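Written below as structure tokens is the structure these notes are about.
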Amino acid sequence: MKMTAKQSMSGVVLPRTSTAYQEEPSAQAVAAPQGYWRAALPRYGVSVLLEKRAVAVNIGLSAALMAACVLYLSLGSVTLSPNAVVASLLGQGDRMTAFMVQQLRLPRLIAACFTGAAFALAGVLMQTLARNRLATPGIIGIDNGATAFAVASIVGLGVGIAPPAMALAGATTAAVLTFGLAAGSGTQGYRFIVAGIGVGAVFGAVTQLMLARVAIDTANAAYPWTVGSLNARPASAVQLLGIGLALGLVAALALARSLTLLRFKDAIASGLGTAVKARRLQVLLLSVVLTALAVAVAGPVGLVALIGPEIARSLSSARHVPILAATLAGALVMVLADLAGRTLFAPIEIPVGIVTAVVGGPWLLWILMRPQRSRP
């Protein structure tokens with residue numbers, strides 16, 4: 001017998017075979033695709049698919065980063081045990097150890113994590129946008145543009161704007177020039193790469209010219225910005241980078257589906273519901289801002305933007321853009337590079353930009369020479 005609307009409104013209990021009753025169990029009964037976990041909140045109608053490989057990679061990189069951080073805080077002119085480091089971070093232990101860990105090494109470690117993560121995140125975004133593994137902010141001139149403007153604010157030239165703001169202006173200028181010189185090719189193809197290399201070379205020459213025409217003390221103050229260094233970084237710039245990185249990572253994760261589709265041809269991406277031009281502009285702006293904030297702290301350590309995403313891609317599957325994995329890998333690379341620069345030839349300290357250049361140069365040649373293999 002059919003139940004009328006009047007009966008249901010009068011308080012009669014709906015039968016257990018009704019659609020309203022079976023909707024929740026049927027949602028739970030849907031199996032996750034192979035290689036995924038399904039995290040569901042049936043009460044709120046939320047269901048999320050988590051790729052098993054991506055979860056494992058992110059957990060592994062997080063564990064490696066935590067271990068590298070403890071090692072970073074332990075090694076230096078005075079070697080500390082991991083237990084002493086952990087105790088100092090928890091506010092325990094003797095005052096000298098706490099001062100060494102919290103005041104001397106921890107701020108530099110935070111700067112290393114933030115800058116490495118920002119460079120790598122900007123790198124994976126730019127590579128996806130250009131569909132080219134070589135299209136990192138450093139190679140297409142954005143790093144050098146940000147550096148030139150930041151150095152200009154340090155050496156004078158009548159500019160009173162803080163280096164972070166000037167770095168953002170320089171990165172934006174370099175990006176606009178690269179797009180303009182690439183003409184109708186957009187962000188695809190080697191014309192875009194060649195235009196970026198030319199723009200970066202011009203800004204690099206301008207930076208050297210500015211340093212050559214100022215007093216030696218002023219040039220020494222600006223020198224770390226030209227090679228990349230994490231020594232005595234301004235706390236305000238690091239805090240600004242931390243805020244920008246957090247917001248940028250959230251924005252990148254929100255654009256994850258669009259980034260995956262941007263790897264295909266424009267017609268396919270548009271057919272699958274992606275506003276290609278709008279998404280490209282958003283990704284480009286996000287990459288420029290992240291690069292500028294990172295350069296404002298550490299200078300041009302651009303090869304991290306190449307190494308971090310490459311590590312993430314080698315560990316992850318090809319189904320999605322490894323946003324979080326690239327961010328973690330970039331932070332790991334920067335921490336290990338700065339640790340090597342501090343300790344390998346102590347008491348002589350090697351700037352982190354030189355360390356990453358020594359490692360990243362052969363890595364770049366390896367990427368160019370090896371065939372690209374498809375991964376599951």
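Taking the stretch 284-316 as the range and being closer than 16 Å to Ala174 by Cβ and surrounded by fewer than 24 Cβ atoms within 10 Å (Cβ to Cβ) as the test, the residues that pass are Leu284, Leu285, Leu286, Val289. Quick check, is Thr226 closer than 19 Å to Ile154 by Cα and among the β-branched types (Val, Ile, Thr)? Yes.
So for the stretch 248-260 (the condition being surrounded by 14 or more Cβ atoms within 10 Å (Cβ to Cβ) and closer than 30 Å to Leu104 by Cα), does at least one residue qualify? Looking for residues that are surrounded by 14 or more Cβ atoms within 10 Å (Cβ to Cβ) and closer than 30 Å to Leu104 by Cα, one finds at least one in the stretch 248-260, hence yes. Out of Ala112, Ala118, Ala122, one residue alone is assigned to a helix (DSSP H, G or I), within 19 Å of Gly200 (Cα to Cα) and touching a Leu at 6+ places or on another chain (Cβ under 6 Å). It is Ala122. Any residue in the stretch 321-337 that is hydroxyl-bearing (Ser, Thr, Tyr) and at pLDDT 90 or above? Yes, some residue in the stretch 321-337 is hydroxyl-bearing (Ser, Thr, Tyr) and at pLDDT 90 or above. When Thr147, Thr97 are screened for being over 18 Å from Ala235 (Cα atoms), buried (at least 23 other Cβ atoms within 10 Å of the Cβ) and of a type outside the set (D, E, K, R), only Thr147 passes.
Being over 26 Å from Ala165 (Cα atoms), modelled with pLDDT under 90 and not charged (D, E, K, R), is that true of even one residue in the stretch 282-299? The answer is no; no qualifying residue exists. Scanning the stretch 317-345 for residues that are in contact with a Pro (Cβ under 8 Å, 6 or more places away or on another chain) and either part of a helix (DSSP H, G or I) or buried (at least 24 other Cβ atoms within 10 Å of the Cβ) (or both) yields a count of 5.
Taking the stretch 186-201 as the search range and keeping residues that are of a type in the set (Val, Ile, Thr) and either surrounded by 17 or more Cβ atoms within 10 Å (Cβ to Cβ) or in contact (Cβ under 8 Å) with a residue 24 or more places away in the chain (or both), which one is farthest from Lys265 (Cα to Cα)? Out of the qualifying residues, it is Val199. Name the residue that is farthest from Leu324 (Cα to Cα), counting only residues in the stretch 243-268 that are part of a helix (DSSP H, G or I) and among the charged types (D, E, K, R). For the stretch 243-268, the residue satisfying everything is Asp266.
Can you tell me which residue is surrounded by the fewest Cβ atoms within 10 Å (Cβ to Cβ) among those in the stretch 206-234 that are of a type in the set (A, V, I, L, M, F, W, C), in contact with a helix residue (DSSP H, G or I) (Cβ under 7 Å, 6 or more places away or on another chain) and part of a helix (DSSP H, G or I)? Within the stretch 206-234, the match that is surrounded by the fewest Cβ atoms within 10 Å (Cβ to Cβ) is Ala221.
Given the conditions (1) crowded, with 21+ Cβ neighbours inside 10 Å; (2) assigned to a helix (DSSP H, G or I), and given that Gly138 satisfies all but one, which numbered condition is not satisfied? For Gly138, the exception is condition (2). Just to be sure before I move on: is Leu125 under 27 Å from the mean Cα position of the chain (by Cα), within 27 Å of Val321 (Cα to Cα), at pLDDT below 90 and not charged (D, E, K, R) in the structure I sent? So Leu125 fails the test. Picking from residues in the stretch 163-195 that are of a type in the set (Gly, Ala, Ser) and farther than 27 Å from Leu240 by Cα, the one that is modelled with the highest pLDDT is Ala195.
The residues of the stretch 302-316 that are assigned to a helix (DSSP H, G or I) and not hydrophobic (A, V, I, L, M, F, W, C), listed by number, are Gly308, Pro309, Glu310, Arg313, Ser314.
The values are calculated or read from the model by the stated rules, or taken from the named source; none is laboratory data. Since the model is a prediction, treat every value here as computed from it, not as a measurement. Every residue, glycine among them, receives a Cβ derived from its backbone with ideal geometry; neighbour counts consider all protein chains shown.
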